Amino acid sequence: MSPRERFLTTLNHKEPDRVPTFTNLTPQIAEKLGKKMNLPWEAEDSWLSTRISHTEILLELGNDVVGVGPLRAKYAPTRREDGKLIDEFGFVYKRVGLYDEIIKRPLADVETAEEVNKFKMPDPLAPGRWDFAEKQIRRYEEDFAIVGDLETTIFELSWNLVGMEKFLMDLVMEKPYVFALMDKVLQYQLTCGKKMVELGVDMIWTGDDFGTQKGMMISPELWGRVFKPRMQCVFEELKRINPRVKIAYHSCGSILPIIPDLIEIGLDVLNPIQPQAKNMDLGKLKKEFGDRLVFFGGVDEQRVLPFGNTAEVKEEVKLRIAQAGKGGGFITAPSHNIQPDTPLENIYAYFKAIKKYGTYPLSL
C-alpha cells in the first residue's frame with residue numbers, strides 16, 4: 001500500500017498493510033536530524049508550526065502523512081529592535097530557554113464584549129497564508145494522506161489572548177466578553193478549517209487541551225455547556241463541505257468524561273492518548289470506544305522516548321500496537337511532539353519498531 005492508502009484504510013477502521021504513523025518534531029530535534037540526514041529542518045512560520053514543518057525529514061523516517069495549515073500572513077511577523085517578536089494576533093514573544101514564550105497578550109485587560117468586538121483578528125484568508133499548504137498538497141497528495149491542522153480551536157487561542165488565569169475565572173463567572181471572544185475565535189478558526197477542507201485535506205485536526213495528569217481542568221458539565229455546542233458547530237460545518245472528511249480532536253491529559261460527548265457530536269479520531277494521564281489507558285479505551293473512534297498517539301513521550309533505552313522504546317511501540325492495532329483504527333504517534341531531550345537513536349528505534357511490529361496480520 002502507499003502511505004496514503006494505508007492511512008485512509010486505517011481511518012475507515014480496516015486493517016492496512018501496517019499501522020500508519022503521523023509523528024511531529026520540535027525544532028531542536030528537527031535541526032539535529034536535518035543536519036544528520038542532510039535535509040532542510042527550518043520550521044515554517046505558523047501559529048502551530050510543528051504540525052506542518054519538517055516534512056522531508058519525517059517522510060524519510062517513515063511518516064505516512066503530510067500536515068498542512070495556515071502560515072502567518074506575508075506582512076507578519078515583525079521583530080522589534082529589542083529582539084522580541086510581535087505576531088499578527090498581537091502576542092509579544094521572548095526567547096526563554098528553548099522556546100519563544102508569550103510575555104504580553106493583546107486582551108490581557110479585557111472586561112467587556114465591546115472591547116472584544118473592537119479587537120481585530122487576523123484575516124484568515126490574507127495573502128500568503130495558504131500558499132505553502134497549496135504547494136504541499138499539490139506535491140504530496142497522490143502518495144501521502146493530507147491532514148489540516150486546526151488545533152487550539154476555541155479554548156486555547158481564546159485564553160492565550162487573555163491569559164489563562166483571568167480567562168478561566170471570568171469563564172466561571174460567565175462574563176459576557178468570554179463568550180463574545182470564543183465566538184470571534186470560532187469564526188476565525190472555522191474559516192481556516194473550511195479553507196483546508198476546500199483544498200482537499202483528508203482529515204482536520206482540531207482540539208484544545210482540557211486535561212491535566214489527574215483530570216480535567218474544568219468540569220465536564222462546564223465543557224458540555226460551553227464548548228460542546230461550539231465544537232459541534234465546527235464539526236458539522238466542516239462535514240457539510242465534505243461529508244467524507246475525518247475529524248480528529250487533540251487534548252493532552254485526562255479527558256475520559258467527555259469522550260462520549262465528542263463521539264456524539266461527530267468525532268472520528270482521538271489524539272494523543274497520553275499514557276501517563278489518569279484513565280487514559282489505550283487498551284481500555286480501544287475496547288470501550290474502538291468501534292466508534294480511531295486512536296491516534298499513545299506512545300509515551302513523558303518517560304520512555306526521552307529517557308528509555310532503544311529496547312524500551314521498541315517495547316513501548318510494540319505494546320501500543322498490541323493494545324490498539326487489531327482491526328485497524330490506530331495511528332501510531334508519540335503523545336506529544338518529540339522533545340529536545342530525546343536521543344536520536346530512540347527516534348530511529350521508534351520508527352523501526354512501527355514497521356517491525358505494525359505489519360498486518362499482527363502477531364503480538
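We did not get these values from a lab; they are worked out from the coordinates using the rules stated. Only a predicted model underlies this, so the values are computations on that prediction, with no experimental measurement involved. In this analysis, Cβ positions are derived from the backbone assuming ideal geometry, glycine residues included, and neighbour counts consider all displayed protein chains.
Can you put 37, 121 in order of Cβ neighbours within 10 angstrom, beginning with the fewest? It would help to have the intermediate numbers written out before the result.
On the way: 37 13, 121 16.
Placing the least packed residue first, the sequence is 37, 121.
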Next on the checklist: Quick one: 3J(HN,Hα) in Hz for the range 126-138, Karplus 6.51/-1.76/1.60 with θ = phi - 60°, rounded, Gly and Pro as x.
Outcome noted: 5, x, x, 5, 10, 4, 5, 4, 4, 5, 5, 5, 4
Next on the checklist: I'd like the per residue volume of the convex hull spanned by the Cα atoms of the range 97-170, given in cubic angstrom.
Outcome noted: 149
Checklist entry - What are the principal axis extents of the Cα atoms in the range 260-323, in Å, biggest first? => result 40, 19, 16
Checklist entry - Going by how many other Cβ atoms sit within 10 Å of their own, how do 57, 218 line up, fewest first? => result 218, 57
Checklist entry - Past the 23 Å Cα-Cα mark, which pairs from 284/326; 36/318; 14/284? => result 36/318
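Suppose we look only past 20 Å in the calculated P(r) of the range 1-63. What percent of the Cα-Cα pairs does that tail hold?
Beyond 20 Å sits 36 percent of the P(r) for the range 1-63.
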Checklist outcome for this item: Largest-first semi-axes in Å of the equivalent ellipsoid built from the Cα gyration tensor of the range 116-228 are 30, 18, 10
Checklist outcome for this item: One checks the Cα atoms of the chain and finds Rg and Dmax, in Å, of 19.8, 61
Checklist outcome for this item: Those chymotrypsin sites (Phe, Trp or Tyr not before Pro) from the range 20-123 that are DSSP loop and have at most 13 other Cβ neighbours within 10 Å turn out to be 75
Next on the checklist: How are the alpha carbon pair distances in the range 184-259 distributed across 5 Å bins from zero to the largest one, expressed in percent?
Outcome noted: 3, 15, 25, 22, 16, 13, 6, 1
Checklist entry - Setting aside same-chain residues fewer than 8 positions from residue 194, which aspartates and glutamates have a Cα under 13 Å from its Cα? => result 149, 202, 236, 237
Next on the checklist: Give me a comma-separated list of calculated 3J(HN,Hα) values for the range 246-258, in order, Karplus coefficients 6.51, -1.76, 1.60 applied at θ = phi - 60°, integers in Hz, x for any Gly or Pro.
Outcome noted: 8, 10, 9, 9, 9, 8, 5, x, 8, 10, 3, x, 9
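Report, as a whole number in µm² per second, the diffusion coefficient that Stokes-Einstein gives for the range 71-128 at 20 °C and 1.002 mPa s using the Kirkwood radius over alpha carbon pairs.
D = 166 µm²/s.
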Checklist entry - If you stretched the chain out fully between residue 28 and residue 123, how much longer would it get, using 0.36 nm times the residue separation minus the C-alpha to C-alpha distance? => result 31.2 nm
Checklist entry - Taking +1 at the Cβ of each Lys and Arg and -1 at the Cβ of each Asp and Glu, which of 227, 173, 122 sits farthest along the dipole of the range 99-257 towards its positive end, judged by Cα position relative to the Cα centre? => result 227
Checklist entry - Along the range 298-307, what does the Karplus equation 6.51 cos²θ - 1.76 cosθ + 1.60 (θ = phi - 60°) give for ³J(HN,Hα), rounded to whole Hz, x for Gly and Pro? => result x, 7, 5, 9, 7, 10, 5, 4, x, 10
Item to check | Where Rh is the Kirkwood radius over Cα pairs, Rg/Rh for the range 5-116 | outcome: 1.10
Checklist outcome for this item: Counting every C-alpha pair in the range 226-310, the percent lying more than 17 Å apart is 50
Next on the checklist: Given points 7 Å out from each Cα along the Cα-Cβ axis, report the residue 109 to residue 362 separation in nanometres with one decimal.
Outcome noted: 5.6
Checklist entry - How many angstrom lie between the C-alpha centres of the range 1-69 and the range 195-215? => result 16
Checklist entry - Computed over the Cα atoms of the range 170-322, what is the convex hull's projected area averaged over all directions, in nm²? => result 10.2
Checklist outcome for this item: The farthest towards the positive end of the charge dipole of the chain, of the residues 323, 306, 359, given +1 on Cβ of Lys and Arg and -1 on Cβ of Asp and Glu, is 359
